[in-house]
Each structure stands twice: as C-alpha cells, then as structure tokens.
1. Select from the range 27-86 the residues that are within 22 Å of G343 (Cβ to Cβ) and without any contact (Cβ under 8 Å) to a residue 40 or more places away in the chain and list them in ascending order.
2. Would you check if G323 is without any contact (Cβ under 8 Å) to a residue 60 or more places away in the chain, small (G, A, S) and either crowded, with 24+ Cβ neighbours inside 10 Å or out of contact with any Phe, Trp or Tyr (no Cβ under 6 Å at 6 or more places or on another chain) (or both)?
3. Only one of V256, V279, V268 is aliphatic (A, V, I, L, M), crowded, with 16+ Cβ neighbours inside 10 Å and part of a loop (DSSP other than H, G, I, E, B); which?
4. Identify, from the list G113, G177, the residue that is small (G, A, S), in contact (Cβ under 8 Å) with a residue 40 or more places away in the chain, farther than 17 Å from I43 by Cβ and surrounded by fewer than 24 Cβ atoms within 10 Å (Cβ to Cβ).
5. Could you say which residue among A353, A362, A347 is touching a Ser or Thr at 6+ places or on another chain (Cβ under 6 Å) and more than 30 Å from G255 (Cα to Cα)?
6. Would you pick out the residues in the range 70-110 that are open to solvent by 40 Å² or more (accessible area, probe 1.4 Å) and of a type in the set (K, R)?
7. Looking at this structure, is V149 more than 22 Å from I275 (Cβ to Cβ), of a type in the set (V, I, T) and either surrounded by 24 or more Cβ atoms within 10 Å (Cβ to Cβ) or touching a helix residue (DSSP H, G or I) at 6+ places or on another chain (Cβ under 9 Å) (or both)?
8. Starting from residues that are open to solvent by 10 Å² or more (accessible area, probe 1.4 Å) and among the aliphatic types (A, V, I, L, M), keep the ones in the range 232-253 and report whichever is farthest from V268 (Cα to Cα).
Amino acid sequence: MRVEHREPELDGAVAARTPGVVAAGALLAVAVVLTALNLRPAITGVGPMLAEMRADLGASVVWAGVLTTLPTLCFAGAGLAAPLLARRAGVGAAIAIALAALGAGLVLRVLDGPAVVLGGTLVATAGIALINVLIPVVIKDSFPARIGVLTGVYTAALQGGGALGSAVTPRLGDALGGWRPALGSWAVLAVVALLAWILAARGTGRAPRPADGAEGGRSLLRNRLAWIVTAFFGLQAFYAYAAMGWFPQVLMDAGVPRDDAGLLFGLVSLIAVPISLVVAPMAARQRGQSGWIVGLGVFGVAGTAGLMLAPSWSPLLWSLLVGLGMSTFSLALTVIALRARTGGDTARLSGMAQGFGYLFAALGPFLFGLLHDLAGGWTVPLAMLLGLLGVQLTFGALAGRHRFV
C-alpha cells in the first residue's frame, strides 16, 4: 500500500522536470506577469487626462469624483463575486473572461459621452477586480513551491504597470491625438495578456484549474483568521488609497513644487517594485511573516509622522519611508496565499479579504479629505492615518503567524 502511494509522487516529480511541463509553467508565469501589467493603467492613466476629459465631455466635478471612486467600489463588489465565478467556470476561464471584460471596457469607455465613460470604466474595473482575487489562487495552485517569488514578481509587475499608466498615457495622448485613443490603446495590452492566458491554459500540467474544494462552498465568514487577514488587507489598502489621493497635495502645501511633488509620489509607487521582488520571496520562505509586516509598517509610521510634524524638512525622506510602508501590499497578497491550504480556500480568502478590504479602503480618500476640510489642515487626517497604521501593525502581526483558515 505504501509503495503504491509513493509511485504517483515519483511520477509527478519526474513529470515536473519534463521540458513540456517546464515550458508550460514558464508560459503561465509570463501570462501572470502580462496580466499584472494590465491591472493599473486603466486606473492610473485617467488622472493625467482627467482635465482634458472633463473639458471635452463638459463633465462636472461630481462626475470626476464618481469616475475616480468607481474602481475601488468595483474592487469590492466584483471581488466578492470572484469565487463564485471560479467555481462555475474554473480559475483559468474566469481570468480569461475578466481580461476580455477589461479589454472591452477600455474600448467602450472612449466611444461616447460621460455616461459611456462611466459604464466602460465599470466593466473594465470589474474585470480587474476579478483578476485581483484569482491570481493568488493561480500562484497557490500552480507554483506552490514559489509562492513568494511569483507573488513578488506579480506585485512588482502590477506596480510597474501603474507607473506606466500615469507616465505613458499623456505621451500617448500627444502622439495619438487626444485622451480617447490614449486610454483606449491600453486595450492592446489586455488582448496580448488574454492570448498568453489562453495559451497557458492549454499548456501541459501547469494550467490553472478550478479551485480545489470550491464546490463545497465552505464559508469563511465565521473564521477568525480570515477576518484578521481581511482587516490587515483593508487597513493597508485604506492607507494606500488615502496616500495616492492626497499625499501630493500634502507635499505641495508644504512648499514642494507641483512637478516635484508628482515625481516624489511616483517614487513612492516605484519603490514597491524592488521591495516586492526581494522581500515577498524572503518572507514567504519563513514560517511566519509577522516580523516582515511589522518592519515595513514601521517605515510607514515614520514617514507619515514626518509629513505630519515636519513636512518641509525632508520631503524625499518622508516619501521614501511612506513608499516602504506601502510595500506591505505584496506581503498582504503573500499572506492570503500562505494562510490557506487549498486553492478553494485561497479563492474564498482572497475574495473575502479583497472584497471587504477594498470596500473599507474606498472610505480612505473621502475621510482624509473630509478631516482636512473640518480641521483646516493636514495634521488631523495624518494623525488618523497614524492611528490606523498602529492597528494595521497589530492585525498584520496576527495575520503573519503560521496558521491556516
């Protein structure tokens, strides 16, 4: 009996080294990276073109607010629906559907007026939200021995795509003749990722499969660890979205020129790329990740405190520290994959953490701005973020412990 049990394991080990399976795994990794590059340009490309869009469409400030808030709300709603789609269609097919929706939405939103822009953005960001939830499942199932490495590469590509969206879209507008072709052209990247995903899904042995055990529909809503992971994810996302929305203005009010403030905040985003590539794999190899989570979080505390107490003393230093603190995003994704034993549980935990987490994060920019208006300055909203960072460190330390949902 014992011999019979070992033979499939030996066969699997040999099969894992065959050229066909290695090639399929490499193709899947490429598909993951191409997919990650698509997950932020649809959002970050809008900001630099927003004034031109409003002028062309005759749209109001309220419309602009809805347009910029819509992605986070989609991340919450579609994120909660992702496990259901994965159960019915399979993870690979669900991601292919989401990429098709992303590409279609990117094209749709540049075809007509303000309502169509909102509708197309809704479709595109719904596709992004589904992918956000399901990629950790692919990494967990297809690269169980490389969770940290693939999560780091995925997160770095995601952050790099966001930087490309904000940096390249205005230049595309100049070259192609306006915001419509500039924003619509990102659909080409979505098509490339979709083709790569279809090829990977036809590969030998490493293609994404339906989430294991998903058909049982086990709920994690009463699982204490699942809520801890959700709280950690939501708190770091709350901080990140508040920072992305307001920190450039905080720097400008401290005397930093507008262009320099934009460059400094670009640095905040880009610093997460090398951190994701280095820290996430190192943390994943450890039995627990609490120390890494708290360590990066402390940098965020220091940077936020610096912005609150002496914003003009060293904007570059504060920006570097904030960027290091925001790099906990890669560890949040790593924790989601490591705290679940199966692909099915990973899908459910990812959907729960990102669904409820992004719903909470949507409040970040609003509350930060509201507190600024009520208090007449940045001290009170920054103090709020400091308090939330303390709570984030607590939940991050608990989420990083070696346990399973």
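1. L84
2. yes
3. When all the criteria are applied, what remains is V256.
4. G113
5. Testing whether each residue is touching a Ser or Thr at 6+ places or on another chain (Cβ under 6 Å) and more than 30 Å from G255 (Cα to Cα) leaves just A353.
6. R87, R88
7. Answer is no for this residue.
8. Here the answer is L235.
The values are calculated or read from the model by the stated rules, or taken from the named source; none is laboratory data. Every value quoted in this text rests on a predicted model; they were computed, and no experiment measured them. Positions of Cβ are backbone-derived with ideal geometry, glycine not excepted, and every protein chain shown enters the neighbour counts. Heavy atoms of the whole protein, side chains included, go into the accessibility calculation; ligands, DNA and RNA do not. Shrake-Rupley method; radii C 1.70, N 1.55, O 1.52, S 1.80 Å.
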